[in-house]
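Below is one structure, written out as structure tokens; the observations come after it.
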There are 2 protein chains.
Amino acid sequence: MNNRVRELRTGLGWSQADLGERLDVSRQTVNAIETGKYDPSLPLAFKIARLFSLTIESIFTPEA
Amino acid sequence: MNNRVRELRTGLGWSQADLGERLDVSRQTVNAIETGKYDPSLPLAFKIARLFSLTIESIFTPEA
DNA sequence: TCCGGATGTCAAGCGAGCTTGACAAAACAC
DNA sequence: GTGTTTTGTCAAGCTCGCTTGACATCCGGA
């Protein structure tokens, strides 16, 4: 699963910790998602999409 | 997280087992998602959306 | 030069997502 | 009214998603 989270976050000048706060998750979780260690849960994906005012499909793309 | 999976599935005349096969998950997983026991992972949500040719947002809606 | 913020990563722990196997009950066919 | 299909649900087990706490590195600014 590829995603544009880092691109969207840095575009707003936020640190991983900043984004974590706004999403109510730890900065390690943000880092893990950005570095592809694992995919977010569906509820977290919705939170991310809402925060950036985008659709899930425009942020995340399955690799296969 | 509410979803329209059951509605979409029965609309095509499929059993939970049928849908499970097409998604490569067990019928128990389909049942659990339809009955709200837990949310699908993000990759599975993508598979479901693609199978029904819909967006994730049009199938799943966060309750909050 | 030194310090603070930012990032990457590890470990241990817990609940969520998924598995197979099983059984009971409801719904459907004939 | 019997038999098959479908659905609901339980249990045990494994991995993933997320947590806190910690440590190393890498930079940018005073």
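Side notes on the structure shown:
- Odd one out for residue B:62, checked against (1) facing chain A (nearest Cβ under 9 Å); (2) under 21 Å from residue A:2 (Cβ atoms): (2)
- Some residue of region B:1-16 being under 16 Å from residue A:41 (Cα atoms), touching a residue at least 40 places away in the same chain (Cβ under 8 Å), within 10 Å of another protein chain (Cβ to nearest Cβ) and surrounded by 14 or more Cβ atoms within 10 Å (Cβ to Cβ): yes
- Residue B:20 being under 21 Å from residue A:46 (Cβ atoms) and more than 8 Å from DNA strand D (Cβ to nearest atom): no
- Residue A:44 crowded, with 16+ Cβ neighbours inside 10 Å and within 12 Å of chain B (Cβ to nearest Cβ): yes
- Being β-branched (Val, Ile, Thr), within 9 Å of DNA strand C (Cβ to nearest atom) and within 19 Å of residue A:60 (Cβ to Cβ) is a description that applies to residue B:33.
- Residue in region A:18-26 that is exposed (fewer than 15 other Cβ atoms within 10 Å of the Cβ) and within 10 Å of DNA strand C (Cβ to nearest atom) present: yes
Just so you know, all these numbers are worked out from the coordinates, no wet-lab data involved. What you see is a predicted model; the values in this text were computed from it and never measured. Glycine gets a Cβ as well: all are built from the backbone with ideal geometry, and neighbour counts include every protein chain shown.
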